[in-house]
Amino acid sequence: MSNNESMHFLCSNCNSTYSIDTRIVHCINCGSLVEIRQPQPQLNGRALSGTEIREHWDARLRKYASKPHPYSSGVWRFIEAIYPELAHTNHSESEEIVTQLEGNTPLLYHRSVSDWAGVSDLRIKHEGHNPTGSFKDRGMTVAVTAAKLNGANGVICASTGNTSSSLASYAGTAGLKSTVLIPHGNISKGKLAQTVAYGASVEQVDGNFDECLRQAQKLSVKLNYQLVNSLNPFRLEGQKTIVYELLQQLNWDAPDWIALPAGNLGNTAAFGKALRELHEWGVIERLPRLLAVQAAGASPFAQSFEGGFTERFAVEPETIATAIRIGDPASYDRAVRSIRETNGYVTSVSDDEILATKKVIDESGIGCEPASAASVAGVKKLRSMGVIKSTERVVSVLTGHILKDLDMFQ
Ligand code: F0G
């Protein structure tokens, strides 16, 4: 890629390109999902080397640590790789970035969790520390900023609860209208309460998440609202920063594995893209292996992985981990690419394994919602299978806060 190229949409299936201010999610030519092609990060018109990128982001972390500026956000700190067109310093006056200074989540260690998983160095990247209590805020700050810049009437999503809470909150900050479609009776009361309180209009659909997503796509066209599910490429740009930030916290010394829970596969897609780009730009020399973990009752991606990705499956999803109760993941193709390029692995864990792991995480004081515990349960499973070695360095991402999903305690 040439260095003077600017950020644009690219269809990785048919290579069509589109300008960044076109409001598209699917390629007009072939219907595949589009992604954002990022040029090598630049400063004053000059492409930076991998070392310079690391130094630039480390310096910005120090400079803006406690200032009320978008660059103190753990997403916008990495603006050159997220939305380079917006990279200038006088943001506080322009207010073009819709942010709540998300990110900056801790990288934790607790011996009991590490011992439970059976590895000596298991770090926990806790995304439940975001403003609305889940990792979704990282994608939402970018997607809502783009929707506002591109003149959308409002924003819309389908959700198992966390995306809807985040969307409602960021739409409120942006002054945009918001509508969410949720599976009737199948999201936690806390997430529903949060979504309503932030001011979204809520439609309960008789059907699962996959049906909600189909309806949300249709409604987005009818209302001229921007769809901000993880199909939206800006969401993935924001979610890449989970990986950037954890690498920065590790002094850019990449771990051997990064484990995450997997539902609609937006995060799996985003993590792979983050690692691919950092590697291409020379920021990291070695790629960690991605481990995507599904709940056994909602594991079409794990099923495909077992068959070498020769077949795509859709299932009727059922699991106690409502956040990942998804049967036909939208970002399937790009998640396959993430797993292939990182020599990654996909597995599934039972509800009993999820709950037993959640208990250990909760009692360590760290705490998380059930879906999040899947990432640590998956590490334990792969360790017992001998795929992960006890000396390998692993980071598990906890995606949501302990208070997000309490329905099982009632
Ligand atoms: N963990 C939590 C807590 C989630 O809320 C989600 C997704 C995932 C993991 C899976 O991430 O979809 O990128 O593979 N929740 C979505 C929602 C579907 O609507 O809140 P994914």
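Quick notes
- Filter pass, ASP328 being more than 14 Å from the ligand (Cβ to nearest atom) and not polar (S, T, N, Q): no
Yes/no matrix, rows are residues, columns are (1) closer than 17 Å to THR241 by Cβ; (2) within 12 Å of the ligand (Cβ to nearest atom); (3) out of contact with any helix residue (DSSP H, G or I) (no Cβ under 8 Å at 6 or more places or on another chain):
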{"residue": "ALA270", "(1), (2), (3)": "yes, yes, no"}
{"residue": "TRP281", "(1), (2), (3)": "yes, no, no"}
{"residue": "LEU287", "(1), (2), (3)": "no, no, no"}
{"residue": "GLY297", "(1), (2), (3)": "no, no, no"}
{"residue": "GLY307", "(1), (2), (3)": "no, no, yes"}
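- Residues in the range 86-104 that are surrounded by fewer than 14 Cβ atoms within 10 Å (Cβ to Cβ) and in a helix (DSSP H, G or I): SER92, GLU93, SER94.
- With respect to the conditions (1) on the phi < 0 side of the Ramachandran plot; (2) buried (at least 20 other Cβ atoms within 10 Å of the Cβ), GLU306 lacks only one, and its number is (2).
- ALA168 being of a type outside the set (Val, Ile, Thr), crowded, with 24+ Cβ neighbours inside 10 Å and away from the ligand (no atom under 16 Å from the Cβ): no
- Residues of the range 8-55 that are β-branched (Val, Ile, Thr), open to solvent by less than 30 Å² (accessible area, probe 1.4 Å) and touching a Cys at 6+ places or on another chain (Cβ under 9 Å): VAL34 alone.
- Scanning the range 357-378 for residues that are open to solvent by 40 Å² or more (accessible area, probe 1.4 Å), over 14 Å from LYS125 (Cα atoms), away from the ligand (no atom under 13 Å from the Cβ) and in contact with a strand residue (DSSP E or B) (Cβ under 6 Å, 6 or more places away or on another chain) turns up nothing.
- Complete set of residues in the range 105-142 that are of a type in the set (A, V, I, L, M), away from the ligand (no atom under 13 Å from the Cβ) and either closer than 30 Å to ILE20 by Cβ or open to solvent by 10 Å² or more (accessible area, probe 1.4 Å) (or both): LEU107, LEU108, VAL142
- Only a single criterion out of (1) in contact with a strand residue (DSSP E or B) (Cβ under 7 Å, 6 or more places away or on another chain); (2) in a helix (DSSP H, G or I) is not satisfied by SER169, namely (1).
- Answer from THR141, THR173 - the residue that is in contact (Cβ under 8 Å) with a residue 12 or more places away in the chain, touching an Asp or Glu at 6+ places or on another chain (Cβ under 7 Å), over 30 Å from GLU392 (Cα atoms) and not small (Gly, Ala, Ser): THR141
- Boolean, LEU246 is touching a residue at least 40 places away in the same chain (Cβ under 8 Å) and in contact with a His (Cβ under 6 Å, 6 or more places away or on another chain): no
- Any hit, the range 182-203, residues being within 12 Å of the ligand (Cβ to nearest atom), open to solvent by 40 Å² or more (accessible area, probe 1.4 Å), farther than 19 Å from ILE339 by Cβ and outside any helix (DSSP H, G or I): yes
- Search result, residues across the range 143-161 that are near the ligand (Cβ under 7 Å from one of its atoms) and open to solvent by 10 Å² or more (accessible area, probe 1.4 Å): THR160
- Within the range 226-261, considering residues that are within 13 Å of the ligand (Cβ to nearest atom) and within 17 Å of ASP121 (Cα to Cα), the one surrounded by the most Cβ atoms within 10 Å (Cβ to Cβ): ALA259
- Within the range 345-356, tally of residues that are surrounded by 23 or more Cβ atoms within 10 Å (Cβ to Cβ) and either in contact (Cβ under 8 Å) with a residue 60 or more places away in the chain or among the hydrophobic types (A, V, I, L, M, F, W, C) (or both): 3
- Restricting attention to the range 1-23, the residues that are over 16 Å from TYR83 (Cα atoms), of a type in the set (A, V, I, L, M, F, W, C) and assigned to a loop (DSSP other than H, G, I, E, B) add up to 2.
The values are calculated or read from the model by the stated rules, or taken from the named source; none is laboratory data. Values in this document were obtained by computation on a predicted structure and should not be read as measured data. Positions of Cβ are backbone-derived with ideal geometry, glycine not excepted, and every protein chain shown enters the neighbour counts. Surface accessibility is based on the protein's heavy atoms, side chains included, excluding ligands, DNA and RNA. Shrake-Rupley method; radii C 1.70, N 1.55, O 1.52, S 1.80 Å.
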